[in-house]
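This report concerns only the one structure given below.
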Amino acid sequence: MVIRYGTVTRSTGSWYEVLFENGDIWSCRVKGKFRLEGMRTTNPIAVGDRVGIEEDEEGDENTGRITELVARTNYVLRQSPRKKHEVHILAANVDLAILVTTIVEPMLKQGLIDRFLLSTEPYDIPTAIVFNKADLYSEHDLMVYAALEDIYTSIGYTVLLVSAEKGHGIEELRDMIKDKTTLIGGQSGVGKSSLLNAVAPELAARVGGLSYRSGKGVHTTTFAEMHPLPFGGSLIDTPGIKTLGFNFLKETEVTDNFREFFALSQNCRFNNCLHREEPGCAVKKAVDAGEASELRYINYLTILQEVEDQNYWEIHRDV
Ligand SMILES: Nc1nc2c(ncn2[C@@H]2O[C@H](COP(=O)(O)OP(=O)(O)O)[C@@H](O)[C@H]2O)c(=O)[nH]1
Ligand SMILES: [Mg+2]
Ligand SMILES: [Zn+2]
């Protein structure tokens, strides 16, 4: 019998850390089967999940069993890095997703922004792109930033230019995440930890660049972890992104989740148009006329091809 409900803040494979409203934290195991319709997942329960807990059979203090999963409002999936045909539920019940990136140090990885957006768009999770290290941008870098800002704000995403080093834009960032459950991701080295520390210095010990365990070196995040924010809301810190693959999407899901192309597709001649070389394609026409982003279109075609090349049925079979 479920005795209380809480939120999963951390998981390390077989154990789940569950936070209750009164601040209690329990270590819990999963009892029973939780499945994502038609997919093979590496984890049944994810950070951000609301779960019902039963007491441990042994009656140990602060441990319990997860026996109920409250219906998710949304979730973000990642292709499992180890098991090619499985997906990992990165986080659930997210109000906002933020991609932290930069133009320099490390150099902006072409395609990464659109891949991140493709991972949050299926559930319409509001998503922001935060460009950090503004203090390092040359005049040319600032022009690149302005072009990207234009592309993404024009299709409804929030774009912010900040510097963790100089404290620029930190107030805006704080306002953006206050009282929300925010998933934050990015390549390693973009300054994610520095930004978290600038926004909430109280979190420094937990998510700081310096490991609090060894006192030296970088504390690398290998699992998503939820941290309550001192000013309201919580942050879900996620492992550094190397690449984002989409073995869990069908072609049409790629097509439907490039939002501006989806809007334009109402005017394509064929209703199953994939916007390649089909005659009467409204997306191709808009790109050619400079009314839709060519950069987005190129990234779209690349991802579409990837998805087509992988064996979709490998993971979408009933298991
Ligand atoms: N110049 C500059 N350096 C920054 C800024 N933010 C972070 N860094 C540096 O970038 C490096 C990586 O930062 P870190 O926060 O560990 O990145 P993470 O891997 O994304 O968590 C560190 O050497 C930081 O000092 C910034 O706004 N400006
Ligand atoms: Mg970090
Ligand atoms: Zn089309």
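Within the range 101-126, list the residues whose amide N lies under 11 Å from a label point set 7 Å along Cα→Cβ of Ile298. Zone members listed by number: 110-111. Residues of the range 138-181 with the amide nitrogen closer than 13 Å to a label point 7 Å from the Cα of Val104, along Cα-to-Cβ, please. Label zone hits: 138-145. Summing charges over neighbours of Asp141, with a neighbour being any other residue whose Cβ is under 13 Å away from its Cβ, gives -3 when K and R count +1 and D and E count -1. Taking the chain, the Cys residues with no second Cys beta-carbon under 4.7 angstrom are Cys28, Cys281. When only Cα pairs below 8 angstrom with a gap of at least 6 residues are kept, the chain shows a relative contact order of 16 percent. Taking the 1.4 Å solvent-accessible surface of the chain as the whole, the part contributed by carbon and sulfur is 50%. Taking every C-alpha pair closer than 8 Å and separated by at least 6 residues, the mean separation divided by the residue count of the range 106-203 gives a relative contact order of 27 percent. Calculated mean residue ellipticity, 222 nm, the chain: -7000 deg cm²/dmol, from DSSP H runs (n ≥ 4) at -39500 (n - 2.57) each, averaged per residue and rounded to 500.
Computing FRET efficiency as 1/(1 + (r/R0)^6) for Trp15 and Ser138, where r is the C-beta to C-beta distance and R0 is 35 Å, gives about 0.15.
The label-point distance for Thr252 and Glu278, in a model that sets each label 7 Å from Cα toward Cβ, rounds to 1.1 nm. Can you list the lysines whose alpha carbon is less than 29 Å from that of Lys133, not counting same-chain residues fewer than 8 positions off? Correct list for Lys133: Lys109, Lys166, Lys178, Lys180, Lys192, Lys216, Lys242. Computed from the C-beta positions of Glu306 and Thr153, the FRET efficiency with R₀ = 22 Å rounds to 0.25. When both bridge partners sit in the chain, DSSP labels roughly 55% of those beta bridges antiparallel. Can you classify the chain as rounded, prolate or oblate using the Cα gyration tensor, where a ≥ b ≥ c are the square roots of its eigenvalues, rounded means a/c under 1.5, and otherwise it's prolate if a/b beats b/c and oblate if not? Here the chain falls in the oblate category. A 1.4 Å probe run over the protein chains yields, for the chain, 50 Å² of accessible area per residue, whole-number rounding.
The values are calculated or read from the model by the stated rules, or taken from the named source; none is laboratory data. Given the structure is predicted, the values throughout are model-derived calculations rather than measurements. A quick note on method: Cβ atoms are made from the backbone with ideal geometry, for glycine too, and the neighbour counts reach across all protein chains shown. Heavy atoms of the whole protein, side chains included, go into the accessibility calculation; ligands, DNA and RNA do not. Shrake-Rupley method; radii C 1.70, N 1.55, O 1.52, S 1.80 Å.
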